[in-house]
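The values are calculated or read from the model by the stated rules, or taken from the named source; none is laboratory data. Note that the structure is a prediction, hence the values are computed from the model and not measured. We place every Cβ from the backbone using ideal geometry, glycine too, and count neighbours over all the protein chains shown. We work out accessible area using only protein heavy atoms, side chains counted, and drop any ligands, DNA or RNA first. Shrake-Rupley method; radii C 1.70, N 1.55, O 1.52, S 1.80 Å.
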Amino acid sequence: MDEAFIGVDVGTGSARAGVFSSYGQLLGYARRPIAIWREVGDIVEQSSADIWAATAAAVRAALADAGVKPQAIAGLGFDATCSLVVLDPAGKPLPVGPSGDPARNVIVWMDHRAIAEAEEINRGGHAALRYVGGAISPEMQPPKLLWLARRAPRVFAAAGHFLDLADFLTYRASGALARSACTTTCKWLYLGHESRWPSDLFDSVGLQALAGPCFSRIGAEIVAPGTALGRGLAPDAARDFGLPPGVPVAAGLIDAHAGALATLGATIDGEVADPCRRLALILGTSACCMAIADQPRFIPGAWGPSYAALTPNQWLVEGGQSAFGAAIDRLMRMCPGLADDAGKPHAFDRLEREIVARAGGASQAARLARDLHVAPDFLGNRSPFADPAARGAVVGLDLVDDADSAEALYVAGLCGLAQGLAQVIRMLEAGGWAFDALVASGGAARSALVRQIVADVVGRRVVATETSEPVLLGSAMLGAVAAGGRTLSEAMSSMARLSAVCEPAGGEIAALHAAKRRAFEAIQEGERRARAAMLECRVDGAAAVPPLWPQVIIFDCDGVIVDSETIAFERTLAVLRRYGVDLDVDEARDRFLGVSAQSIRKLAESRRGAPLPATFLDELSDEILAAFERELKGMDGVREALAELGGGKVCIASSSSLERIRASLRIVGFSRLFEPHLFSAAEVARGKPAPDLFLHAARRMGAAPDDCLVIEDSQPGVLAARRAGMTVFGFVGGGHIVGAAHGQRLRAAGATLAFDDMRELPRRIRDQRERRAAAPAVAAKRVDHAEKR
């Protein structure tokens, strides 16, 4: 036969191998389990030796299943979970946990021992964090390395190689220590667009030892996925796999990214697609949504952008849900008749056939769950809210316990999961993407019912892959590229095809899902408010301890976080002059400070006596943003104040558009400090001085108004905060504030105090806490004195 390629996928519980033809046809498949150890303290570990043995056994079995001669294998590719492998300079395993067992030398991706280290790194506010979505996760590698450096310093010092699991597999197969751009940019903070490691970040947290010599312990050489490594398959690895030495070995991918590779460029009916107009949905235990673009797009609530992590010279962004298949299993266990079958594929198949038959079609199945709603954030909300404390909810349950109620709950769960995906997709589309199709892969994507409900809820075409193993195919594509003769784009289009297409239903079904969306968002809001309510009561055998005030600090943006108002005034006056409206700076300060662009337009039209063109607001925004790019600076002391406050809940609520808020934070390097908790007056019916915006921010942050502190620089903003029932501090440190009169005006409007240095904020808050704590005692003394009189 023609040449063939092997793809290897190492997941959390097994190693799998697939043999594919040069056209992407699956010829043989095998799976072998791998061991896993769990201990208290969120410790999850594996053995690289065990993983390699399982991988070799799976490759040999897949070859036998395919009936392909070893000499026909022209290339080999790997993908794996983003777990951390630790080896000494000779490649021998080192222990990574309390057991002290060298065989247990892998910290598994889901291991959360390094939560405190992740929080410490995030508090530094380093620019490199912008490229992992603004905040590093304890599932990524720098926090785990910091944990090792502090908790196991001898192991850290003795280590010669720290590798992502996919890079370990390619090292073990070829002997080459080059790392993949996928693993390093997505999980290690490598700045691929600048071809460098973030030395300043490593130095600031005590990881200077990683720097020398030339970062060889974490990757002196970073290469693109699919790059041929070393001299191909090394002799000892060749013996393990039953293959000839020298078979090209490709630089690998993270497992979900291999699934994206096999879907974004796949052909349908022979037509080659634009990968930038597709969204890869990898629906497994969790859900990943991956999109690529030619330019970097910074999306709050998403990981990335990661340069060249998947395709050359393009940027990858990833959103997702922490639980997808795991959420379905959880719902099934709630039903006595289904509990024993939870997690078994045949159970899903049988149940879905019964549901579709009873409903009269896959789209019609949603009617079975008309009044039953599920918010599936059982493991937190990864996107778009980046809220790990979020939890799931079911609304509409009754006492009926029969097959119909079980089917309704199952469908309600699928609808809820689809609503969560729709939120992620709307987040990405707001960031600039326009998707022609969603390409689904993974175990849950094999279900026609899942695909149809996702299509109906999201309102987009959902397409499935022709192959049953798209993740393995993605790895095999890497092997084809390493073999030579094909680029990655050519492999994507020649080896992958799409088949089943689910078009979104319209009419009554679309209306039903629109109503369920409103219910879904109300449930999410209710869950946040319930958590906020319970923060006020800790019952652990001791007296209830009230939460520390404030629970949330709400900052205005312009003139408070960024010193923007003078720039904005000047550009606004310049644009207004073009239309015959002449105002001086003092009048503009009095009239424009704290109000929305729509309010500026209304004032200008009133002064002008004629409407402004429809393009006025866009013209004004473009002028201001262009000036910001040249001149904008962050307010002194913001980063220091937030660090001293200890990483509490903070957000921004501004009269500016979300586009302008995000651009301002990006320009001054403050994005990570606040995203994704950004709120604009465009989201509410009335802007400042109405209380709508601050009440909206409090609801989204899960706090009562009395538990919020607002930092404002304008009279409309102070009035809005007071009308919302919130405490407000006036900030008078911006470059647009002249003299003491402005602080007096803010206090007259209702500000508790006025201050001009953001570094003072922690002390001002502590003083206010003491006053609030003393207030009940003072009131009680007054009552007692009155009674005695």
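Things to note:
- With both labels modelled 7 Å from their Cα along Cα-to-Cβ, the ASP274 to ARG333 distance reads 4.5 nm.
- Cut-off under 5 Å, modelled amide H: who pairs with THR285 long-range: GLY325
- A straight chain from ARG763 to ASP582 at 0.36 nm per residue would run longer than the Cα-Cα distance by 60.9 nm.
- Principal-axis tilt of helix 403-430 within the chain, Cα atoms, nearest 10 degrees: 70
- Cα gyration tensor, segment 215-370 - rounded (a/c under 1.5), prolate or oblate: prolate
- Overall, the anisotropy analysis places the chain in the prolate class: the square-rooted eigenvalues a ≥ b ≥ c of its C-alpha gyration tensor yield a/c not less than 1.5, with a/b exceeding b/c.
- Contour excess over end-to-end distance, with Cα ends at MET534 and ARG426 and 0.36 nm allotted per residue: 35.8 nm
- Working ranking of peptides 457-463, 59-65 by packing, defined as the average number of other Cβ atoms within 10 Å per residue, highest first, is 457-463, 59-65.
- With respect to the chain, whose longest principal axis is taken over its alpha-carbon atoms, helix 345-359 is tilted by about 60°.
- The chain, relative contact order in percent, only Cα pairs under 8 angstrom and at least six apart counted: 11
- The string of couplings for segment 505-510 from the Karplus curve (6.51, -1.76, 1.60, θ = phi - 60°) is 6, x, x, 5, 5, 4 Hz, one whole number per residue in order, with x for Gly and Pro.
- Those aspartates and glutamates that a straight Cα-Cα span of less than 13 Å connects to LYS633, excepting residues fewer than 8 apart in one chain: ASP558, ASP563, GLU565
- Filter on LYS69/LYS92; LYS92/LYS144; LYS602/LYS688 - keep pairs with C-alpha separation over 22 Å: LYS69/LYS92
- Rounded to whole numbers, the Karplus 3J(HN,Hα) couplings from phi for segment 213-220 are x, 6, 6, 5, 6, 10, x, 7 Hz, using 6.51 cos²θ - 1.76 cosθ + 1.60 with θ = phi - 60°, and x at Gly and Pro.
- Every Cα-Cα pair of segment 1-110 was included, and the share exceeding 17 Å stands at 56 percent.
- Scaled radius of gyration (Cα, divided by 2.2 N^0.38 Å) that segment 607-750 gives: 1.11
- Cβ-placed point charges (K, R +1; D, E -1), dipole of the chain about Cα centre in debye, nearest 20: 1120
- DSSP-assigned coil residues among GluC sites (Glu not before Pro) in segment 100-206, each with at most 11 further Cβ atoms within 10 Å: GLU194
- Summed side-chain charge close to LEU620 - residues other than LEU620 whose Cβ falls under 11 Å, Lys, Arg +1, Asp, Glu -1: 0
- As a length-normalised measure over Cα pairs under 8 Å and 6 or more apart, the relative contact order of segment 406-483 settles at 32 percent.
- With the helix formula -39500 (n - 2.57) applied to DSSP H stretches of n ≥ 4, the chain reaches a computed 222 nm mean residue ellipticity of -13000 deg cm²/dmol.
- Three-way shape call for segment 172-276 based on the alpha-carbon gyration tensor, with the a/c threshold at 1.5: oblate
- Heavy-atom surface of the chain, accessible at 1.4 Å and reported per residue (Å²): 40
- Under-5 Å amide H pairs with SER14, H placed in peptide plane, nonlocal only: ILE34
- Rounded percent of accessible protein surface that carbon and sulfur make up, the chain, 1.4 Å probe: 51
- Integer Hz, Karplus 6.51/-1.76/1.60 couplings in order for segment 435-445, x for Gly and Pro: 9, 7, 7, 9, 9, 9, 9, x, x, 5, 6
- Total formal charge among the other residues, if their Cβ is under 13 angstrom from that of ASP456, Lys/Arg +1 and Asp/Glu -1: +4
- Relative to the longest principal axis of the Cα atoms of the chain, helix 616-631 runs at roughly 80 degrees.
- If you take all other residues with their beta carbon under 15 Å from the beta carbon of GLY160, and give Lys and Arg +1 and Asp and Glu -1, the sum is +3.
- Using 0.36 nm per residue and subtracting the Cα-Cα separation, the extra length available between ALA740 and ILE36 on full extension is 246.9 nm.
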